[in-house]
Amino acid sequence: MDLRIKRTRLFIREAFFNLVREKGFGSVTVRDIAERAIINRSTFYRHYKDKYDLAEKCLDEPFNTLLEQLDQMERKQDISDSDPPKTFLMLFEHIEQNAELYQELFGRNGTAMFVSRLRGYIIQLLRHRLQDVPWSGREGLVPLEMFEEYLAGAYIGVIQWWLENLENYPAQKVALWLYRLVVQGTDSALGFGRMES
């Protein structure tokens, strides 16, 4: 990509992030972004269709990077009761690093379009984690698609709760709690099984 294009997109995104922090996604306009990035609106539209397209692309790139990192990791991991799987941890660390944008787009007052997009990202991560599981001979069990949707709903609920409580709980802790809930079950997560709280 041309260096000038990279630089322009960087300016646009920095302006966008700063404006979202200052006034919220709903109040940000393309005019605001262009003025803050010191570009013409026509320049903005050469790169993005609108602010929604800009937000989606800002989210797509880090998630694609996350998926690439997961592809390079070993499939089999030793999981302990005190450490979450890398898939869980990397997702929550990514959200923690981009907390302000996530709070605006995916919090309880977030836009349904972005929540739906987050669901798609999470399902991709789940498929990455589940791709080595042998599914043949399991026809009588829960369909894989339903299982993915169930887990994605759990992830989204936990993420939205965490975005309101970020200052109290680090990514490592929340990733471990979610792992305990979805993998070991609610009884273990609540301390009724062998797991200690």
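Every number in this text was worked out from the coordinates using simple rules, so none of it is lab data. Source: prediction; values computed, not measured.
The phi-based Karplus calculation (6.51 cos²θ - 1.76 cosθ + 1.60; θ = phi - 60°) puts the 3J(HN,Hα) values of segment 157-170 at x, 5, 4, 5, 5, 5, 4, 8, 10, 4, 5, 9, 9, x Hz, whole numbers, x for Gly and Pro. Extension gain, ASP2 to ASP32: 0.36 nm times the residue separation minus the Cα-Cα distance gives 8.3 nm. If you wrap the tightest convex hull around every Cα atom of segment 1-48 and split its volume per residue, you get 64 Å³.
Estimated at 0.36 nm per residue, the fully extended path between GLN184 and GLN69 surpasses their Cα-Cα distance by 38.9 nm.
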